[in-house]
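We did not get these values from a lab; they are worked out from the coordinates using the rules stated. Bear in mind the structure is a predicted one, so any value in this text is a computation, not a measurement.
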């Protein structure tokens, strides 16, 4: 809709996106509350989607849309799982969940599958979406793609 403004503000948006990807990823590593871990990783994923939108090519936009749908499903499933855990244990701190697979084996397997989807493990929808976005970023600007991929890793 505003093509000239998009091109004009593109460098500023990429600075915000890259800073936010790196900062949110580092903040995720430091958290001990499960909901905060999911929330900060969601910030990093959505900034990857914004970077894909600002590539202004079909692959970037398609990858961003696919990432938004995939991340919406995985993130809401993870929040649901954390809600189940909180209802049962009355805490969200990760320290208190050792031995969970003994008590809740099926739930633990589902939680693990959703966690793999959240970290964009190969074979999941988030991986496919982020791969498409990074291919589009490499076509658009390889430097931005390298910094974004470093933040995601």
Using Cα atoms only, what is the angle between the long axis of helix 58-89 and the major principal axis of the chain, expressed in degrees (0 to 90) to the nearest 10? 20
I need the shape label for the chain. Rule: rounded when a/c is under 1.5, else prolate if a/b > b/c, else oblate, with a, b, c from the alpha carbon gyration tensor. prolate
In nanometres, the difference between 0.36 nm per residue of separation and the alpha-carbon distance of residue 121 and residue 100 is 5.3 nm
Run the numbers for residue 112 and residue 26: contour at 0.36 nm per residue of separation, minus the present Cα-Cα distance, in nm. 28.8 nm
Taking the reciprocal of mean 1/r across every pair of different Cα atoms in the range 76-136, the Kirkwood radius in Å is 12.9
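Tell me, what is the percent relative contact order of the chain, built from C-alpha pairs under 8 Å that lie six or more residues apart? Display every interim value, and only then the final one.
Numbers: 171 pairs, mean separation 46.3, N = 153.
Relative contact order comes out at 30 percent.
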Roughly how far apart, in whole Å, are the Cα centres of the range 92-111 and the range 44-58? 34
Angle in degrees between helix 142-152 and the longest Cα principal axis of the chain, rounded to the nearest 10: 10
Round to the nearest 10 and give me the degree value, 0 to 90, for the angle of helix 105-118's Cα axis relative to the longest principal axis of the chain. 10
